[in-house]
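> Let me begin by handing over the structure; questions about it come next.
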């Protein structure tokens, strides 16, 4: 392992323990006390994602040799899985703190897009899976295919840090309704700002509702709309959030989440997004030229 990952985990643990999670008290429960604190478990979970261990079972086997010098007390595989599912609120809180600690949080620009999160490929999985509360049949317009899973909505800063995110049933909430719900329940930016999105968010209702919240949607023209006199849509910004989604799904393994319950799926989504925000936050700290680069932390 390189010293870059060591530096990231050390700095992250210090900030989480001192500023983000110092007042968080574990609820009383029976049984032995957990081996790791919340801050330590967040760091271990982020190290798993950055080192590209999709399976918790394989990660616990390798964790002693990869990060054992930083965290000598590591739980077993079943205890780690159980605590990781219960850690979702902490990972969510840490991810939002990390994006607010980056300079681009204060920029008046956001990128927004939704992406399907597949959870099964067979009828047996649909009938027997514990993901029925959040998963359903939807259509992936980008690949012209139907899928069974959930819809992940992301709002990011210009450098790719995730500022707000949510999971929704693809039939109960379409992209526009999910975006409005996300804007009402989470803070997208410190103040009103333009949001670059795709033509799937077109509609007078969603644009009026977003404008009432102070956010202006910037999107490409639909085929049934008149052509503007000047082409002003920044297509290169749309490609940036597509690259962020690719990073989450491929480099950080969100496409291979292997979740079997709603709690497990939400915990793995929070884990991947927290790892991405942690890498961007640390790249800002050390002055790395490419803020979304994970090369220094994946080996």
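> Can you say whether residue 190 is in a loop (DSSP other than H, G, I, E, B), over 19 Å from the mean Cα position of the chain (by Cα) and modelled with pLDDT of 85 or more, as far as the supplied structure shows?
Values: in a loop (DSSP other than H, G, I, E, B): yes; over 19 Å from the mean Cα position of the chain (by Cα): yes; modelled with pLDDT of 85 or more: yes.
For residue 190, the condition - in a loop (DSSP other than H, G, I, E, B), over 19 Å from the mean Cα position of the chain (by Cα) and modelled with pLDDT of 85 or more - is met.
> OK, next. Quick one: which residue in 268, 272, 292 is closer than 19 Å to residue 156 by Cβ, within 15 Å of the chain's Cα centre (by Cα) and in a loop (DSSP other than H, G, I, E, B)?
Numbers: 268 fails: in a loop (DSSP other than H, G, I, E, B); 272 fails: in a loop (DSSP other than H, G, I, E, B).
None of the others qualify; the one that does is 292.
> Continuing with the same structure: Output the residues belonging to segment 119-137 that are surrounded by fewer than 17 Cβ atoms within 10 Å (Cβ to Cβ) and out of contact with any helix residue (DSSP H, G or I) (no Cβ under 6 Å at 6 or more places or on another chain).
First, pick out the residues of segment 119-137 that are surrounded by fewer than 17 Cβ atoms within 10 Å (Cβ to Cβ): 121-128, 130, 132-133, 137.
Answer for segment 119-137, where residues must be surrounded by fewer than 17 Cβ atoms within 10 Å (Cβ to Cβ) and out of contact with any helix residue (DSSP H, G or I) (no Cβ under 6 Å at 6 or more places or on another chain): 121, 122, 123, 124, 125, 126, 127, 128, 130, 132, 137.
> Let me ask something else. Quick check on segment 272-292. Is at least one of its residues more than 19 Å from residue 9 (Cβ to Cβ), buried (at least 19 other Cβ atoms within 10 Å of the Cβ) and at pLDDT 95 or above?
First, the residues of segment 272-292 that are more than 19 Å from residue 9 (Cβ to Cβ): 289-290.
Those left that are additionally buried (at least 19 other Cβ atoms within 10 Å of the Cβ): none.
No, segment 272-292 contains no residue that is more than 19 Å from residue 9 (Cβ to Cβ), buried (at least 19 other Cβ atoms within 10 Å of the Cβ) and at pLDDT 95 or above.
The values are calculated or read from the model by the stated rules, or taken from the named source; none is laboratory data. Small disclaimer: the values here were computed from a predicted structure and weren't measured. Glycine also receives a Cβ, built like all others from the backbone with ideal geometry; neighbour counts cover every protein chain displayed.
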